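The values are calculated or read from the model by the stated rules, or taken from the named source; none is laboratory data. None of these values were measured; they are calculated from a predicted model. Here Cβ is always computed from backbone atoms with ideal geometry, including for glycine, and neighbour counts include all displayed protein chains.
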Amino acid sequence: MAIFIRNVQHSVIVCIDCMRPQEGTIGEPMIVKREGQKARGPREVRRVLEEKARAKGFDLVGVTSARPLAQGAIRLKEWQEAGMAADMIYMGRPVELLSDPRRLQKSARSIVSLGVSYYPGEHPENPGSGGRVARYAWGKDYHTVIRKRLISLRVELEKTLGCRIKARAFTDAVPLLERSAAQHAGLGFFGRNSCLINGEIGSYFFIADLILDLKVETDVEGTGTCGKCTRCMTACPSGAIKAPGVVDSRLCISYLTIENRGRIPRKLRKAVGDWAFGCDICQEVCPYNKRKATVSRWPEFSANSGAGPYIEIMEVLYIRTDEEFKERFGDTPLTRPGRAGLLRNCCVVAGNVKLKEAVPTLISCLRDDASSLVRGHAAWALGKIGGNVAEMVLRKALEEEPDGECREEIEYALRSSHDGGEEAFRHLSMS
């Protein structure tokens with residue numbers, strides 16, 4: 001999947017004293033010495049950082065200065081003005097905020113960008129009643145997992161360098177163009193699908209950051225090219241990749257099933273296929289991933305640690321409360337769309353694959369779910385699966401449903417249902 005900035009919620013500012021700078025040494029805080037220690041310059045700090053980050057399990061390590069991300073700002077502005085941010089309010093924030101690290105930390109001098117492979121392996125074949133999950137969400141919630149190691153890394157840097165460090169540690173959690181920063185730090189180049197691609201591990205990796213008040217030797221910007229390859233643009237089911245590096249969120253399956261809080265447009269539901277959460281298609285077809293992707297060393301991101309590659313459609317559709325939802329998915333990324341959003345997605349999958357076994361569950365959703373979003377998509381799925389029972393239930397629901405948008409979905413379902421659904425709707429309209 002093309003990963004978007006999602007959860008603006010997990011951010012931590014840490015500032016712990018190890019050895020405060022002596023008077024007269026404030027200009028270069030990382031030069032402060034403990035007794036018996038040698039001063040550390042930017043190059044030595046970079047070496048220590050690499051050593052400690054690798055030991056923590058980070059696959060990629062890069063550094064760039066905390067200057068504004070000018071090129072990223074230009075691209076973002078054009079993307080925003082084209083309306084491609086959809087209703088993601090956080091991506092519509094002022095460009096000046098999203099592109100300037102010093103807006104997050106005034107004392108910032110360096111940005112440390114770290115890459116963590118999350119690749120859990122190939123998708124197994126769908127068991128038939130499963131909703132496909134994007135690979136980044138197979139395991140535990142990456143925000144929590146990575147943040148713990150970031151904070152630990154910062155503590156070790158302070159101990160080794162013998163100085164006080166003010167840092168902001170985060171992954172996909174603050175208003176900053178993290179991929180642009182990572183590209184400046186040498187972690188990779190932007191592919192046609194807008195993902196950051198690294199020549200050694202592909203694009204299945206999380207980006208994590210430490211904004212530091214230390215001067216650290218910087219890396220060369222990431223470079224590379226997709227050459228003449230356009231596989232991702234061709235393979236995208238919804239045509240969301242409008243130009244090289246430009247993804248229209250309004251069409252992207254990842255946006256539609258994760259960030260979108262409303263209805264999935266009917267004209268795009270078929271394109272969703274069996275994806276219940278996110279989408280990996282533009283990454284699956286990428287030659288870099290076919291050749292370079294290796295299984296993550298972090299056990300927290302394995303299929304056995306979380307939801308796995310598929311979620312059981314009928315099991316999810318029976319979840320009626322937020323408490324049940326949190327108990328089932330609370331420590332995974334699948335909480336992002338909320339209970340109603342995930343059930344909405346599962347309804348679409350059931351309709352697309354014509355999962356007849358799900359009809360009783362879909363009927364329960366239509367009759368009993370408190371969310372009109374779920375009821376409306378359950379009606380759509382029943383219309384796609386069809387059959388006399390589905391038609392009878394839809395007609396009954398149309399008489400009782402109080403929500404206007406949901407009634408519209410039921411009417412559409414009756415028009416599109418099998419076995420005389422169109423005739424039944426005409427008869428209903430005339431009565």
### Summary
Taking region 326-355 and keeping residues under 18 Å from L382 (Cα atoms) and out of contact with any helix residue (DSSP H, G or I) (no Cβ under 8 Å at 6 or more places or on another chain) leaves V353
### Task
Would you point out the residue of region 135-182, among those that are β-branched (V, I, T) and not in a helix (DSSP H, G or I), that is surrounded by the fewest Cβ atoms within 10 Å (Cβ to Cβ)?
I165
### Summary
Picking from R375, R339, R367, the residue that is among the basic types (K, R), in a helix (DSSP H, G or I) and touching a Phe, Trp or Tyr at 6+ places or on another chain (Cβ under 8 Å) would be R339
### Query
Any idea which of A243, A271 is free of Cβ contacts under 8 Å to residues at least 12 places away in the same chain and of a type in the set (A, V, I, L, M)?
A243
### Query
Which one of these is modelled with pLDDT of 95 or more, closer than 29 Å to S372 by Cβ and surrounded by fewer than 19 Cβ atoms within 10 Å (Cβ to Cβ): P244, P265, P299?
P265
### Message
I'm checking my understanding of the structure. Among residues of region 75-114 that are hydroxyl-bearing (S, T, Y) and closer than 19 Å to F190 by Cβ, which one is modelled with the lowest pLDDT?
### Response
S99
### Message
Which condition from (1) touching a Gly at 6+ places or on another chain (Cβ under 8 Å); (2) more than 25 Å from G121 (Cβ to Cβ) is the one that W275 breaks?
### Response
(2)
### Summary
Given (1) loosely packed, with under 14 Cβ neighbours inside 10 Å; (2) touching a residue at least 60 places away in the same chain (Cβ under 8 Å); (3) over 26 Å from L256 (Cβ atoms), A66 misses just (1)
